[in-house]
Amino acid sequence: PIARLAAAQLELETNKCHIISISSDIGYALAVHWAGKGFEVSGTYRTYNENLQKLETLGVTLVYCDLENVNSIEQSIEKLNSLGFWDVLVVAPGAQEPVGSFLTTKFDDWENSINVNFTRQLRIVRGMLPFRNLDKELEPVVLFFAGGGTNNATVNYSAYTISKIASIKIGNVPRSIKAWICYYILRNILKQPLAHYSLYNKQNKVAHNIIL
């Protein structure tokens, strides 16, 4: 349901989409939907699986990327940028580990979670913004996902929650990047109607706080 609703909002003028963590459930569903619409779809993965085999049969371009390895990230950015200008960049990775209180988890694991769930994702976005498509009436979209805990802190998921809050705050960026920064806050997914979408299409506004 999430993927279908997301796609419905973005496909009006979209034809080239990059999905970071295309191997995730949401990334895979978006890829299948957009590929079925005839869009150029590409994305990154860490672990190859049967879903990725299906995506390849749909013409989806796959690029390996390990978010725990900066060199791997830079190589994936270079490969994705070589595909040309994009309309939508979906940032879908998410790792909930470590699970436990701040005092009982290993700080190295906690810090790594911040990297994977926030800073490394921004490294990708920053590296790919120069290849956003500015030639259409609809500005390019960078789509993040904000998970549970963004409104009420989830016990024992401090690194994950902090990362998602920080991802939302990055939406307060200058308009000079000329790209919408928007979010899905995955809260009460099945209870919220489509009417709760708020996606601005004015050039001087940032799309944010899309609540399902």
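The values are calculated or read from the model by the stated rules, or taken from the named source; none is laboratory data. Everything numeric here is computed off the predicted structure, so don't read it as measured data. Quick reminder, even Gly has a Cβ in these numbers, built from the backbone with ideal geometry, and neighbours come from all protein chains shown. Please note that ligands, DNA and RNA were not included when accessible areas were found on the heavy atoms of the full protein model with its side chains. Shrake-Rupley method; radii C 1.70, N 1.55, O 1.52, S 1.80 Å.
Using a 1.4 Å probe over the heavy atoms of the protein chains, calculate the carbon and sulfur portion of the accessible area of the stretch 5-122 as a whole percent.
Within the stretch 5-122, the accessible surface is 49 percent carbon and sulfur.
If you look for lysine pairs in the stretch 1-146 that are eight or more places apart or on different chains, how many of them have Cα atoms under 16 Å apart?
4
Put 64, 160 in order of accessible area, largest first, 1.4 Å probe: what do you get?
64, 160
With a ≥ b ≥ c taken as the square roots of the eigenvalues of the C-alpha gyration tensor of the stretch 39-96, please select rounded if a/c is under 1.5 and otherwise prolate if a/b is larger than b/c or oblate if it is not?
oblate
Using only the heavy atoms of the protein chains and a 1.4 Å probe, how would 131, 118, 144 rank by accessible area, largest first?
The ordering from most to least exposed comes out as 131, 118, 144.
In terms of the Cα gyration tensor, with a ≥ b ≥ c the square roots of its eigenvalues, is the stretch 71-165 rounded because a/c is under 1.5, prolate because a/b exceeds b/c, or oblate?
oblate
Determine how large the accessible area of residue 162 is when every protein chain is in place; take a 1.4 Å probe and give Å² rounded to the nearest 10.
Rounded to the nearest 10, the figure is 80 Å².
If you take the beta carbon distance between residue 53 and residue 85 as r and set R0 to 30 Å, what does 1/(1 + (r/R0)^6) give as a FRET efficiency, to the nearest 0.05?
Efficiency, rounded to the nearest 0.05: 0.60.
GluC sites (Glu not before Pro), restricted to the stretch 34-108: which are DSSP loop and have at most 15 other Cβ atoms within 10 Å?
68
Based on the Cβ-Cβ distance from residue 168 to residue 138, what FRET efficiency comes out when R0 is 30 Å, to the nearest 0.05?
0.85
Averaged per residue, what accessible area in Å² does the stretch 11-135 show with a 1.4 Å probe, protein chains only?
The answer is 51 Å² per residue.
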